Structure formats: C-alpha cells, structure tokens
Amino acid sequence: MIPKQLEEIKQFAKTYYQRTDQYHPWEHAVLTVKYARMLAKQYRNVNLQVLDAACYLHDIGRVNKDDGHPEESAMLAKPFLKKIG
C-alpha cells in the first residue's frame, strides 16, 4: 500500500464517520489506530499501513446498522478498496 492509497482510505472512511452516532465520531477511528499501533509493537512483521486502513474502516457500516456492522463495513469497503487497487 502506498501513502496515497492510505490517504484515500482515510478520506473515504471519514465520510461515513460524519454520519454515525455520537459514540463513533472520526476521533474514534483515530484512537483505534493509536491503540492498535501500541498493540502491534508486541508483534513482528506487522504491516502498519494495512493495520491503519483496517482501523479507519472498521466501523463505517454503522451508518446502515449497528447490529452486524462489521460485515456491513466490509461490504462497503470492498468495492472502494478494489477501485484504488
């Protein structure tokens, strides 16, 4: 993943977080990245760009539904990720 792709992912995800509830604003995704990176220090060979992307995208499905939002997040992210390569 190149930096441009990660920036595109951030911008894509941010549009969804702007439409979620008060408990999942954009800052939630940013904190998720921070804490995931802290945990990642305990492991070898972690691709931090992929980790960051997953953190940014993990709750975007909440715009459609809370229950089952992980699967919804994946369904929303998949076509976008394919588009950016």
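The values are calculated or read from the model by the stated rules, or taken from the named source; none is laboratory data. All values reported here derive from a predicted model rather than from experimental measurement. Note that each Cβ is placed from the backbone with ideal geometry, even for glycine, and that neighbours are counted across all protein chains shown. SASA here: full protein model, heavy atoms, side chains in, ligands and nucleic acids out. Shrake-Rupley method; radii C 1.70, N 1.55, O 1.52, S 1.80 Å.
Here are some notes:
- Computed with a 1.4 Å probe over protein heavy atoms only, the accessible surface of the chain comes to 69 Å² per residue.
- Carbon/sulfur fraction of accessible area - the range 1-48, other protein chains in place, 1.4 Å, %: 56
- Screening the chain for whole DSSP H helices with an alpha carbon extent of at least 18 angstrom along the helix axis and a mean Kyte-Doolittle hydropathy of at least -1.0 yields 26-40, 69-84.
- Straight-line cross-link reach from LYS82 at under 18 Å between alpha-carbon atoms covers these aspartates and glutamates, not counting any fewer than eight positions away in the same chain: GLU7, GLU8, ASP52, GLU71, GLU72.
- Other residues whose C-beta falls under 12 angstrom from the C-beta of GLY61 contribute a net charge of -1, scoring Lys and Arg +1 and Asp and Glu -1.
- Cα gyration tensor shape for the range 17-73, rounded if a/c is under 1.5, else prolate or oblate: prolate
- Furthest towards positive pole of dipole, ALA36, GLY68, ASN47, structure part the chain, Cβ charges: ASN47
- Each Lys and Arg adds +1 at its Cβ and each Asp and Glu adds -1 at its Cβ; summed about the Cα centre, the chain shows a dipole of about 380 debye.
- Above 18 Å, the calculated P(r) of the range 1-46 contains 43 percent of its Cα-Cα pairs.
- 12 Å Cα-Cα reach of LYS14 towards aspartates and glutamates, excluding residues that sit fewer than 8 places from it in its own chain: GLU27, ASP59
- Set of the range 39-63 residues, backbone N closer than 16 Å to the point 7 Å along the Cα-Cβ line of ARG19: 57-63
- Near LEU31, once Lys and Arg are set to +1 and Asp and Glu to -1 for all other residues with Cβ below 12 Å from its Cβ, the sum equals 0.
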